[in-house]
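Written out below as structure tokens is the structure these notes cover.
The values are calculated or read from the model by the stated rules, or taken from the named source; none is laboratory data. All values reported here derive from a predicted model rather than from experimental measurement. In this analysis, Cβ positions are derived from the backbone assuming ideal geometry, glycine residues included, and neighbour counts consider all displayed protein chains.
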Amino acid sequence: MQRRAFRPLFCAIIQTQLIMATLSHSTTSYTSSTESNWVTFYNSYVQKAEFTRIGWAITAMAIQGCILSPVLLLTMAYFGGGDWQFLVSMFGFLAVLVPVLSAMSVKYIFPAFAVSTVVHLAIILMNVLS
């Protein structure tokens, strides 16, 4: 009687092992390229910069808050910019502030700062050239 109760349990264990063995096979068909492109360069640079994340965050916030935003506000006041320019610039500032305050990695701070810088400079040039 005990032997009959043991057989379904034993079969269930073997089936589980076969399924796990099937799912855990590693393939060797993946090839890794040693070719260097801008994505691999960026990822390696970000990994190196992670050690000084606080410095990068402070630098991004200082440039954003002490240079780009005041210059944008001055050009808006002098050349008569619209309210939408102020709104877009504050969203750009917020896009840098959120990754910094949420302690995200440099991988997220760099793109946010780059996009915000481009947007700020585009609005400044639009105000000056119009």
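The single condition among (1) loosely packed, with under 11 Cβ neighbours inside 10 Å; (2) of a type outside the set (Val, Ile, Thr); (3) under 13 Å from residue 123 (Cα atoms) that residue 102 does not meet is (3). Checked against (1) surrounded by 13 or more Cβ atoms within 10 Å (Cβ to Cβ); (2) at pLDDT 95 or above; (3) not basic (Lys, Arg), residue 69 passes all but a single condition, namely (2).
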